[in-house]
Amino acid sequence: MENKTFCLSFLKSKPAGEDLISLGLYTVDTTRASLTDTLNLINSLLKSTTDHNLTALYSDCKEQYGDSVEDINTAKTCLKTESCYDQVNQIASAILDAADDCAGKGDIPLPDNNPLKKNSLVLGDLSDIIMTFFFFCCPFPFAAISFFFVSLLLNENWQIDDICSKHRNPSFCEAVLNSITGGEAEVDLASVGQSLILSTHTNAFDTLTLIHSHINKTSEVQLKQHYLTCSEHYDDALFEINEAKKSLISGDYNGVNRAASAVEKDAEACDSNPPPDPSQLPKNNKNLEDFSIIVMIVSVFLVHN
């Protein structure tokens, strides 16, 4: 993560022997408490400020953080049931976006001594930790977590297995990375990231072309509506893929993660309760989800390089 000092200090604040789920619940609870404190702070700031720009920013942050409190409760439920880890990552990604805006990184800058900026920077760091943890969702002892994070801070070269062992579909991940690297076991993350985003774009563009073709020739009403809905989701996915490319070029690897997470959600939305579909679309949807997950995993490794 970007603030490695905060990360290591936070991890060491829990006793050794904690498994990943327990540590995750602690992180989520800390994030929820920080969100609640920050909402109380915003209410106080709204009463005291007369600056129109600050009032607009504080009001927007109040709305975003209010939504985040509800979302973080969902994340806790996921952790307790040891399921929906992708959703935990998406929730943390959304909180990180809100924290960036409310720390003055958006259109309205804030001075360093602004209390909302200070709180939002902490919230950004906490959500960054959550995003990092839950690519590695199998419980293991805290000592192993500490060793893992230290290795992330020191390592520059990674094996394909390091990446694909974190994927829900390791064989798909290995096939993709082997095709990109020419079978070389060791990967250069930045180069692989560029190639992955290009492959993800190709997959999404080709699928959108397929969707348009089926829209034109399908007469079955329910299936046509499904294709029209998917067309909108794939338009959004292509936009997010371009955002991922921009973020990778600028070195904003958290931005890459957020964009790839949005692409995965678009593919999932297209694949949600579809009518019987004899076309290639269901398979292409799964492929796009799997491509985006590889990009998310690689982005986590890039953050720590």
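At-a-glance table
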| item | result |
| --- | --- |
| Pick from segment 60-96, criterion of a type in the set (S, T, Y), closer than 17 Å to D29 by Cα and within 17 Å of the chain's Cα centre (by Cα), ranking: modelled with the lowest pLDDT | Y85 |
| Inter-residue pairs, beta-carbon under 7 Å, first in the same structural domain as S165 (by TED's automatic domain parsing) and touching a residue at least 60 places away in the same chain (Cβ under 8 Å) and in segment 182-199, second of a type outside the set (D, E, K, R) and in a loop (DSSP other than H, G, I, E, B), 6+ apart | L189/N305 |
| Unique residue being exposed (fewer than 15 other Cβ atoms within 10 Å of the Cβ) and not in a loop (DSSP other than H, G, I, E, B) when the list is E243, E232 | E232 |
| Positions within segment 202-218 being part of a helix (DSSP H, G or I), free of Cβ contacts under 8 Å to residues at least 40 places away in the same chain and either of a type outside the set (S, T, Y) or over 12 Å from L281 (Cα atoms) (or both), in sequence order | T202, F205, L208, H212, I215, N216, K217 |
| Filtered residue count, segment 51-97, keeping only those that are free of Cβ contacts under 8 Å to residues at least 60 places away in the same chain and closer than 17 Å to L110 by Cβ | 14 |
| Residue in segment 38-49 that is farther than 26 Å from E70 by Cα, modelled with pLDDT of 75 or more and assigned by TED's automatic domain parsing to the domain that holds L121 present | yes |
| Residues located in segment 104-119, provided they are modelled with pLDDT of 90 or more and in contact with a Leu (Cβ under 7 Å, 6 or more places away or on another chain) | P115, L116, K117, N119 |
| Filter pass, L152 being at pLDDT 90 or above, over 30 Å from N40 (Cβ atoms) and surrounded by 14 or more Cβ atoms within 10 Å (Cβ to Cβ) | no |
| Unique residue being in a helix (DSSP H, G or I), touching a residue at least 24 places away in the same chain (Cβ under 8 Å) and crowded, with 23+ Cβ neighbours inside 10 Å when the list is D266, D290 | D266 |
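The values are calculated or read from the model by the stated rules, or taken from the named source; none is laboratory data. Quantities reported herein were computed from a predicted structural model and do not represent experimental measurements. Note that each Cβ is placed from the backbone with ideal geometry, even for glycine, and that neighbours are counted across all protein chains shown.
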